[in-house]
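Just below is one structure, and these are the notes that go with it.
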Amino acid sequence: MSEENKGYTIKTFPRVRQFYIDTFAVRERKHMVHGLIEVDVTAPRSFIRIHKSKTGERLSFTAFVIYCLGKAVDANKYMHAYRNWRGQLMLFDEVHVNTMFEVEVEGKKIPMGRVIRAVNKRTFRELHDEMRAFQSVRQQDQSMPYERLLGLYTLIPGFIRRFFFKIALKNPHWINQRVGTVGLTAVGMLGEGAGWGITLPFHTLVITLGGIAEKPAAIDGQIEIRELLNVTLSFDHDIVDGGPAARFSQHFKELMESGYGLR
């Protein structure tokens, strides 16, 4: 509902934004460090274009990134470790990636969260098929039952809602089951050109995919035009130190640049 008045328009505040505000209040207390890198994604994007020209199928670039992310985290499980209420670290065997999709329902674009399970133990094709199926089903679903749950959620006093999230962060099992162990957001997929994004992370590790731009780069002593993806890596410094973070970033970068898993 919107109300138009002289000189301005009043619209209903989306209930889902209140959920985000509550989680932001908890996230801002985390001691995060951020690294901004450029990743040469010329090879994987070229493979995806060639595959589409041959088969007509558009492979998910985000699924490819999640596949590489799962392999990189699996090689250093501290990247998705969490402290429990006893101060112990829990390192999970399976990498669950929490990501957001923008789906269209009743003519409106709505962000929807999805936890992709055990990405370190699955193939790129399995991840691609799951993501495409989720987007297809959500675009057909017109009921949006989660909106009714949000209505009940906003009736709970704010200090109780935020206290719940504060306690939940001390429970690695809840994090693992409900919100995944790693976060990934692809803000650059909604626009064009270069640019980085920095979020308020909920997880020990969050990857923010920015824009893709064509830039000159030195390849074997020759200058070539390459497609460079802006990537922000955010680490919880209470758990991850600079050295392991740098090695993880390099490994993740190498996997993406090689087109790992696509061939």
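The values are calculated or read from the model by the stated rules, or taken from the named source; none is laboratory data. Since we're looking at a predicted model, the values are computed, not measured. For neighbour counting, all protein chains shown are included, and Cβ atoms are generated from backbone atoms with ideal geometry for every residue, glycine included. Remember, those area values only see protein heavy atoms, side chains included, never the ligands or the DNA or RNA. Shrake-Rupley method; radii C 1.70, N 1.55, O 1.52, S 1.80 Å.
None of ARG138, ARG148, ARG162 is of a type outside the set (A, V, I, L, M) and modelled with pLDDT of 80 or more except ARG162. For region 68-88, the criterion of being hydroxyl-bearing (Ser, Thr, Tyr) and farther than 22 Å from HIS251 by Cα is met by none of the residues.
Condition test on HIS128, is it over 19 Å from ARG17 (Cβ atoms), modelled with pLDDT of 95 or more and not in a loop (DSSP other than H, G, I, E, B)? Quick ask: steps written out before the conclusion?
Working: over 19 Å from ARG17 (Cβ atoms): yes; modelled with pLDDT of 95 or more: yes; not in a loop (DSSP other than H, G, I, E, B): yes.
Here the answer is yes, as HIS128 does meet what is asked.
In the set (1) surrounded by 14 or more Cβ atoms within 10 Å (Cβ to Cβ); (2) not in a helix (DSSP H, G or I), the condition left unmet by ALA63 is number (2). Taking region 242-263 as the range and being charged (D, E, K, R), touching a strand residue (DSSP E or B) at 6+ places or on another chain (Cβ under 9 Å) and within 28 Å of GLU28 (Cα to Cα) as the test, only LYS253 passes. Only residues that are in a strand (DSSP E or B), among the aliphatic types (A, V, I, L, M) and open to solvent by less than 20 Å² (accessible area, probe 1.4 Å) were counted across region 69-95, and they come to 1. The criterion of being at pLDDT 95 or above, open to solvent by less than 80 Å² (accessible area, probe 1.4 Å) and basic (Lys, Arg) does not hold for ARG49.
Does GLY35 meet the test of being within 18 Å of the chain's Cα centre (by Cα), surrounded by fewer than 16 Cβ atoms within 10 Å (Cβ to Cβ), farther than 30 Å from GLY158 by Cα and among the small types (Gly, Ala, Ser)? In short, yes.
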